[in-house]
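Inspection log for the structure reproduced underneath, given as structure tokens.
Coordinate-derived values only; no laboratory data. Being a predicted model, the structure only gives us computed values, none of them experimental. Cβ: placed from backbone, ideal geometry, glycine included. Neighbour counts: every protein chain shown.
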Amino acid sequence: MNKLVKIFSFLLLVASFNSNAKSYHNLPEDLLSMAVSSDVIFDEDFDYVRIGDTINLLQNDLIANSSKYKKQLVDLVVVNKASHQMVLMKNGNEVRRFWIALSDRPVGHKQFEGDKKTPEGTYTLDYVKQRSNYYKAIHISYPNSNDIANARKYGRKPGGMIMIHGQPPSRSDYHETVQRTDWTNGCIALLNPDIDIFLSLVDVGTPITINP
């Protein structure tokens, strides 16, 4: 029954195309009638669903092999918490500088879940978060093995999901030229236009050094 529905739907599509074909083609009527025919044979052995699966596999393969398409415009991201500055570097030279926002507890290295501190040290920007609560986001590879071991000594969790992200949605006080400081939960916030620039310059896999 489902096959008959598919056949009928497809024939309706072709018939619709046939009725509007004159507006899309300059072919003579006899050639057009041969090119656009309603005598469509449904191939019951062809897995039409697999077309979508194949497209998804191709997309996943592209993501998995994204290193082939690295921009290599930046080789280090440096964050200086005390001055609320982020600097993008290439071969020791500054490429771009941004004003950042941190949490209302910016001093000190993150140790435990919920302490609202931003980690200090060198980590990796390891993936772009596709479904973020903020405009856009890229993940910092905190916690590392030392962070985990340190938290365990105190019977605590080290926390995680530390991001560089844009602004939250639908904020009436948002203005793209004004960065509010000290409002995150330990993440590093950029203005939306700035994170667009950031993501256009920085590859996944780039190291990030966060200084006090």
Open item on the list: Criterion first (assigned to a strand (DSSP E or B), crowded, with 17+ Cβ neighbours inside 10 Å and within 18 Å of the chain's Cα centre (by Cα)) does Ile195 satisfy it?
Closed with: no
Task: Of all residues in the stretch 101-151 being surrounded by 14 or more Cβ atoms within 10 Å (Cβ to Cβ) and small (Gly, Ala, Ser), the one that is nearest to Met161 (Cα to Cα) - done: Ser141
TODO: Would you point out the residue of the stretch 73-104, among those that are of a type in the set (D, E, K, R) and free of Cβ contacts under 8 Å to residues at least 40 places away in the same chain, that is nearest to Asn146 (Cα to Cα)?
DONE: Lys90
Task: Subset tally (residues that are touching a Pro at 6+ places or on another chain (Cβ under 9 Å) and of a type in the set (A, V, I, L, M, F, W, C)) for the stretch 107-148 - done: 5
